[in-house]
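Only the coordinates and a few stated rules stand behind these numbers; no lab work does. Just so it is clear, the model here is predicted, and its values are computed rather than measured. As a convention, Cβ positions derive from the backbone with ideal geometry for all residues, glycine included, and neighbour counts pool all protein chains shown.
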Amino acid sequence: MGRTTYYTATTLDGFIADEHDSLDWLFVQDQDEAGALNYDGFIKDIGAIAMGSTTYEWVAAHNARTGDAWAYDMPAWVFTHRELEPIGDGITFTSAPVVDVHAEMTAAAGDKGLWVVGGGDLAGQFADAGLLDEIVTYIAPVTLGKGRQIFPRRYDLRLVELAQNKAFACARYEVVGPRGGPTLGA
Ligand SMILES: NC(=O)c1ccc[n+]([C@@H]2O[C@H](COP(=O)([O-])OP(=O)(O)OC[C@H]3O[C@@H](n4cnc5c(N)ncnc54)[C@H](OP(=O)(O)O)[C@@H]3O)[C@@H](O)[C@H]2O)c1
């Protein structure tokens, strides 16, 4: 069974999007697409993905604007309590417990890994269920002050890989476990 990874880009102060869900701060950064911890190397070993509805709706709006197609050929689970329109094949909308969805994803993925695309609280829900193995993050040289938090939890992580990819510090952390105490921002 493959690993479950939250692979994402973040600002230095821990935001994966600004408060208006903009990624403008990210797309202007210089990166080597064949460099350290790159997306193509990551996605080739992924057999199923999960994301929250804000992320899904961001992708849907982006694709509608650019004409891009749904980029994922592996099955995808989108967490929502609402009725949303599929914008590609293999998309399942769900509000089932993450434990159940993780089991479905694992069965679909075969020996490949699972990607929790985001956002941060959804990744935290997988971690809280003991189902998140690692966080791989591209840290951009920018601060925003506020926005969507990368991981609104108190957790211990272990740094297991660190590299530079042009503008980004790229880090792989194993999830050790919760530190206890209240959730940050609650
Ligand atoms: N920097 C990056 O690499 C990166 C990566 C991923 C995402 N992003 C961006 O970061 C932002 C993330 O947004 P976000 O923090 O709001 O998170 P999100 O996880 O994308 O969406 C949160 C929403 O998902 C639904 N949801 C979450 N957990 C659920 C559950 N257990 N059952 C059913 N529904 C559930 C809820 O909406 P409803 O029930 O109302 O539908 C919730 O409000 C987006 O702007 C996205 O584009 C950036």
- Looking only at aspartates and glutamates whose Cα falls under 14 Å of LYS112's and that sit 8 or more positions away or on another chain, we get ASP45, ASP73, GLU104, ASP133
- Note on the structure: Under the Karplus relation with 6.51, -1.76 and 1.60 and θ = phi - 60°, whole-Hz ³J(HN,Hα) for segment 77-90, x at Gly and Pro, equal 10, 10, 7, 7, 9, 10, 8, 10, 8, x, 10, x, 7, x
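In deg cm²/dmol, rounded to 500, what helix-only [θ] at 222 nm does the chain give when every DSSP H run of at least 4 residues adds -39500 (n - 2.57) and the total is split over its residues?
-6500 deg cm²/dmol
Length gain on complete extension for the stretch ASP156 to ALA34, per 0.36 nm per residue less the alpha carbon to alpha carbon distance? Walk me through the intermediate numbers first.
Working: separation 122, 0.36 × 122 = 43.92 nm, distance 2.99 nm.
In short, 40.9 nm is gained.
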- Query: If one puts a single equal scatterer on every Cα of the chain and applies the Debye formula without solvent, what log₁₀ I(q)/I(0) results at q = 0.09, 0.10 Å⁻¹?
  - Reply: -0.31, -0.38
- Query: Out of the DSSP beta bridges found with both residues in the chain, what percent are antiparallel (nearest 5)?
  - Reply: 45 percent
- Message: Could you tell me the calculated FRET efficiency between LYS44 and ASP21, based on Cβ-Cβ distance and R0 = 35 angstrom, to the nearest 0.05?
- Response: 0.80
- Item | Alpha carbon centroid spacing (whole Å) that separates segment 1-53 from segment 110-147 | 9 Å
- For LYS166, which aspartates and glutamates qualify as cross-link partners when the Cα separation must be under 12 Å and same-chain residues fewer than eight apart are set aside? ASP30, ASP32, GLU33
- Mind ranking 7-16, 41-50, 113-122 by how tightly packed they are, going by the mean number of other C-beta atoms within 10 angstrom, highest first? 113-122, 7-16, 41-50
- Whole-number D in µm²/s for segment 60-160 (Stokes-Einstein; Kirkwood sum over Cα pairs; 37 °C, 0.692 mPa s): 209 µm²/s
- Scoring only Lys, Arg, Asp and Glu (+1, +1, -1, -1) among other residues with Cβ under 13 Å from the Cβ of THR54 yields -3
